[in-house]
Amino acid sequence: MKLADTYFKVVEDKAGDCLGILTIEDVNGEKAMSVAHRQGVPLKDVRVRDIMRPISELPAIHYQDLRAATVGDLVSTFREVHEGYLLVLDDDRHQPSRSYLRGLVCAEELLQRLDLAIDLEHRATKFYEIVHVVKGGF
């Protein structure tokens, strides 16, 4: 990731479906060390699936809502959910009852461009907190 100059990688299964994201912090942080210790394996043998952030645990916004949002709305959303990434979902044209991952908004990249700081340490712990923000409670 450092060589590619990116903050994260998308983790996919063999079918190409998104399972989650893996960040530099996930690899180099306490989480990987803790998993290695708990499993009794060297750090290099820790599996991605054990330290990645599953897609089901990340806050999301619909593409149409993102198109209508302002930069201030995004900053407010990141402040509310205390997460570094926001999934962007869109409706599948071939299967109207399904959505797909259209993209990802990275707080770090947004903040670098705006020269701002956001405290992301506190994370939303209740599902309703994330729903409130994503549904327009900016």
Per the filter on the stretch 101-110, residues assigned to a strand (DSSP E or B) and open to solvent by 80 Å² or more (accessible area, probe 1.4 Å) are ARG102
Go over the candidates ARG93, ARG113, ARG38 one by one and state the one that is more than 18 Å from the chain's Cα centre (by Cα), basic (Lys, Arg) and in a loop (DSSP other than H, G, I, E, B).
ARG93
Residue set ARG67, ARG49, ARG79; condition touching a residue at least 12 places away in the same chain (Cβ under 8 Å), assigned to a helix (DSSP H, G or I) and surrounded by fewer than 13 Cβ atoms within 10 Å (Cβ to Cβ); output residue ARG49
Note on LEU19: of the conditions (1) open to solvent by less than 50 Å² (accessible area, probe 1.4 Å); (2) among the aliphatic types (A, V, I, L, M); (3) not in a helix (DSSP H, G or I), unmet is (1)
Considering only residues that are in a strand (DSSP E or B) and among the β-branched types (Val, Ile, Thr), which ones fall in the stretch 52-64?
ILE61
Please find, within the stretch 13-28, the residue that is modelled with the highest pLDDT out of those that are over 14 Å from the mean Cα position of the chain (by Cα) and among the acidic types (Asp, Glu).
ASP13
Could you count how many residues in the stretch 22-46 are among the acidic types (Asp, Glu) and open to solvent by less than 50 Å² (accessible area, probe 1.4 Å)?
1
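The values are calculated or read from the model by the stated rules, or taken from the named source; none is laboratory data. None of these values were measured; they are calculated from a predicted model. When we count neighbours, we look across all protein chains shown, and the Cβ atoms used for this are built from the backbone with ideal geometry, even at glycine. Surface accessibility is based on the protein's heavy atoms, side chains included, excluding ligands, DNA and RNA. Shrake-Rupley method; radii C 1.70, N 1.55, O 1.52, S 1.80 Å.
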